Amino acid sequence: MERDFDLQPLIDSMYQNGYFWEEPMVAVREPLAELKNRKVLLVIEGNRRLAALKIIESNPDLYPDDNARKRLRRVPVLVRDERKETLAFVGFRHITGIVPWESAAKAQYAHNLVTKGLSLEEIAQTIGDKTRDIARWVRTQSLVEHAREQGLLESDAAKSFYFSYLLTSTDAPATKRWLELVSDDKTGLVTSVNGARLGELWSWLYGSKAREVAAVIPESRQIHKLNKVIASPRAVAELRATGNLERALVQTKERGDYIVETLGAIRSLLQDLAGNLAGEGKFAESLEDSAKVRQGMIEFEKVQKALVEVKDKLGF
């Protein structure tokens, strides 16, 4: 909690003002495997507050005020007999209510509930959210669990692991078909998936620090391009061969459309260049930029050569 959440404002508030008794934590009595299944009070709601309290209590050198520490040793906790009794409150507060979690946290919560026997419809009725959204969260978290079984870890992402990338990419029907993904209609859990292809998708979305492989998706706005590539066997083959998303995307287009679109883009760039050069004088006569002039001439000759080559292959 201390590593992944910004607890300091909460710590400072509690240390200075005490615990707000209007906001009790919620706990259930459950067996804990780490304690040989001995029943303990397990906090369901209020874990950030609990972490803040523990940090203050275990760091007297940082928080030396004995009175401030003493008044935090007794705090309000609502105890429930079963976790089911907390569903409505926690679900409303963090999924549809005033302190919403990020999608990854919502997914972990919903996934945990279905593995304990609740259906998507029961969860939706309890917490007041749409069954479709809950199904998406559970499906994606279930895929994360399948990936972990294959040794694919969130911590190995080349840059950062974004849960929303996997969520958005597997929303696409074509990507689901390509993954051979089958989900249980009642629980949303993934019952079958092509493991090899899940590994490929994971690598394209996140890359790997251990293997020094970069993701092919630089940002979330590119996911729709990847989904388009995955819908085309020819484009997938290109992506596998080159790891280049833009080159793979070309394979999704009809040949004529690609040629006309590319030529139009080149023409537009050259027109922009001509417009920017207007009224600036002859670039070749610039003495201050003699090195740039030579580079410019070389690039211009390359463009001319490329245009001749393209014209010849087009048969114009």
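Residue under question is GLY151, and the condition is that it be surrounded by 13 or more Cβ atoms within 10 Å (Cβ to Cβ), over 17 Å from the mean Cα position of the chain (by Cα) and assigned to a loop (DSSP other than H, G, I, E, B); does it hold?
no
Test GLY151 against the criterion of being touching a residue at least 12 places away in the same chain (Cβ under 8 Å) and not β-branched (Val, Ile, Thr), and give yes or no.
no
How many residues does segment 14-62 contain that are acidic (Asp, Glu) and either assigned to a strand (DSSP E or B) or open to solvent by less than 50 Å² (accessible area, probe 1.4 Å) (or both)?
Of the residues in segment 14-62, 2 are acidic (Asp, Glu) and either assigned to a strand (DSSP E or B) or open to solvent by less than 50 Å² (accessible area, probe 1.4 Å) (or both).
Can you pull out the residues in segment 208-223 that are open to solvent by less than 50 Å² (accessible area, probe 1.4 Å) and in a loop (DSSP other than H, G, I, E, B)?
ALA215, VAL216, ILE217
Quick check: is even one residue across segment 237-253 under 30 Å from ALA172 (Cα atoms) and either over 35 Å from the mean Cα position of the chain (by Cα) or exposed (fewer than 11 other Cβ atoms within 10 Å of the Cβ) (or both)?
Yes.
Give segment 185-195 a look and list any residue that's modelled with pLDDT of 95 or more and either of a type in the set (Asp, Glu) or loosely packed, with under 13 Cβ neighbours inside 10 Å (or both), or say none.
THR191, SER192
Quick check on this structure: which one of LEU179, LEU198, LEU167, LEU205 is open to solvent by less than 70 Å² (accessible area, probe 1.4 Å), over 27 Å from GLU122 (Cα atoms) and in contact with a Lys or Arg (Cβ under 7 Å, 6 or more places away or on another chain)? Working first, answer last.
Details: LEU198 fails: in contact with a Lys or Arg (Cβ under 7 Å, 6 or more places away or on another chain); LEU167 fails: over 27 Å from GLU122 (Cα atoms); LEU205 fails: in contact with a Lys or Arg (Cβ under 7 Å, 6 or more places away or on another chain).
Just one listed residue meets the conditions, LEU179.
Could you list, in sequence order, the residues of segment 90-121 that are modelled with pLDDT of 75 or more, open to solvent by 60 Å² or more (accessible area, probe 1.4 Å) and under 19 Å from the mean Cα position of the chain (by Cα)?
Within segment 90-121, GLU102, GLN108 meet the criteria.
Exactly one of (1) under 25 Å from PHE161 (Cα atoms); (2) surrounded by fewer than 17 Cβ atoms within 10 Å (Cβ to Cβ) is unmet by VAL77. Its number?
For VAL77, the failing item is (1).
How many of the residues in segment 144-197 are of a type outside the set (Gly, Ala, Ser) and more than 17 Å from VAL216 (Cα to Cα)?
Number of matching residues: 25.
Test each condition in (1) open to solvent by less than 30 Å² (accessible area, probe 1.4 Å); (2) of a type in the set (A, V, I, L, M); (3) touching a Leu at 6+ places or on another chain (Cβ under 9 Å) for ALA124 and report the one that comes out false.
Exception for ALA124: condition (3).
The values are calculated or read from the model by the stated rules, or taken from the named source; none is laboratory data. The model shown is predicted, which means the values in this text are computed figures rather than measured ones. Quick reminder, even Gly has a Cβ in these numbers, built from the backbone with ideal geometry, and neighbours come from all protein chains shown. These area figures cover heavy atoms from the full protein model, side chains too; ligands, DNA and RNA do not enter into them. Shrake-Rupley method; radii C 1.70, N 1.55, O 1.52, S 1.80 Å.
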